[in-house]
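Structure record follows, encoded as structure tokens.
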Amino acid sequence: MVEFNTIILKFGDQGEKTGWRYIDIPADIAQQLKPGNKQSFRVKGMLDAYPIAGLALMPMGEGNFIMALKADIRKAIHKREGAMLQVKLELDTDYKVEMPADLIECFEADPEALEFFNSLLRSHRDYFVKWIEGAKTEATRIKRIVNTVNAASRRMGYPEMTRALKAEKDQLF
């Protein structure tokens with residue numbers, strides 16, 4: 001397990017990352033966690049006394065990585081940008097996102113969409129699954145499943161789908 005102290009940062013105007021709160025993972029620490037790796041990977045450990053698992057470290061160039069800190073994590077650790085954070089991390093080899101049965105059922109009606117979906121990188125498929133699983137109501141979940149299958153049938157990944165959905169929403173207003 002790698003241990004270090006860092007400061008919670010916030011992206012300014014940075015495209016899709018604008019406003020994100022995150023911590024920087026220097027290249028030397030990332031190499032201790034997963035030597036020779038330059039792609040996203042999952043870690044587990046502790047942020048102060050708060051246990052984490054399955055969080056992604058995302059490459060930022062020059063060998064450095066970042067870990068996004070969503071609002072629920074910041075609330076749990078009672079910290080905001082600028083605060084010092086004690087970090088303990090190790091590679092999370094147990095992390096797996098399972099495709100929900102209702103999504104599989106919908107894909108059965110469109111085998112070509114399923115084929116495209118399965119051609120995406122595992123981490124990209126996980127974006128869709130987490131988005132679906134994050135729905136707070138059954139109606140929202142159903143809508144997200146429909147949007148996922150439609151996106152796959154149009155050969156769209158998650159970023160393309162979210163941009164298309166935003167464009168549709170903007171046209172309505």
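The values are calculated or read from the model by the stated rules, or taken from the named source; none is laboratory data. This structure is a prediction, so every number in the text was calculated from the model and none was measured. Cβ sites come from the backbone with ideal geometry, for glycine too, and all protein chains shown count toward neighbours.
Among the residues of the stretch 143-173, write down those that are among the β-branched types (Val, Ile, Thr) and out of contact with any helix residue (DSSP H, G or I) (no Cβ under 8 Å at 6 or more places or on another chain). Give the steps one after another, and end with the answer.
Narrowing the stretch 143-173 to residues among the β-branched types (Val, Ile, Thr): 145-146, 148-149, 162.
Passing the criteria: only THR162.
Would you mind finding the one in LYS75, LYS166 that is more than 27 Å from LYS34 (Cα to Cα) and in the same structural domain as LEU47 (by TED's automatic domain parsing)?
On the way: LYS166 fails: in the same structural domain as LEU47 (by TED's automatic domain parsing).
It is LYS75.
To keep it simple, each residue is scored yes or no on (1) surrounded by 13 or more Cβ atoms within 10 Å (Cβ to Cβ); (2) at pLDDT 90 or above; (3) outside the structural domain of ALA49 (by TED's automatic domain parsing).
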{"site": "GLU105", "(1), (2), (3)": "no, yes, yes"}
{"site": "ASP110", "(1), (2), (3)": "yes, yes, yes"}
{"site": "SER119", "(1), (2), (3)": "no, yes, yes"}
{"site": "ASP126", "(1), (2), (3)": "yes, no, yes"}
{"site": "ASN150", "(1), (2), (3)": "yes, yes, yes"}
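What number of residues within the stretch 35-57 are touching a residue at least 12 places away in the same chain (Cβ under 8 Å), surrounded by fewer than 16 Cβ atoms within 10 Å (Cβ to Cβ) and under 20 Å from ASP126 (Cβ atoms)?
5
For the stretch 1-11, does any single residue satisfy the condition of being modelled with pLDDT under 90 and not assigned by TED's automatic domain parsing to the domain that holds MET161?
Filtering the stretch 1-11 down to residues modelled with pLDDT under 90 leaves 11.
Subsequent filtering for residues that are not assigned by TED's automatic domain parsing to the domain that holds MET161 retains 11.
Within the stretch 1-11, one or more residues are modelled with pLDDT under 90 and not assigned by TED's automatic domain parsing to the domain that holds MET161.
Within the stretch 119-128, does at least one residue satisfy the condition of being out of contact with any helix residue (DSSP H, G or I) (no Cβ under 6 Å at 6 or more places or on another chain) and either acidic (Asp, Glu) or more than 24 Å from LYS38 (Cα to Cα) (or both)?
yes
In the stretch 87-96, how many are surrounded by fewer than 16 Cβ atoms within 10 Å (Cβ to Cβ) and β-branched (Val, Ile, Thr)? Talk me through it step by step, then tell me what you get.
Going through the stretch 87-96, the residues surrounded by fewer than 16 Cβ atoms within 10 Å (Cβ to Cβ) turn out to be 90, 93-96.
Checking the rest, the ones that are also β-branched (Val, Ile, Thr) come to 93.
So the answer is 1.
What are the pairs with Cβ atoms under 7 angstrom where one residue, in the stretch 144-172, is more than 15 Å from LYS130 (Cα to Cα) and the other, located anywhere, is outside any helix (DSSP H, G or I) and not polar (S, T, N, Q)? Sequence gap at least six, or different chains.
SER153/ASP110; ALA164/MET156
At pLDDT 95 or above and loosely packed, with under 14 Cβ neighbours inside 10 Å: is that true of MET84 in this structure?
Details: at pLDDT 95 or above: yes; loosely packed, with under 14 Cβ neighbours inside 10 Å: yes.
The answer is yes for MET84.
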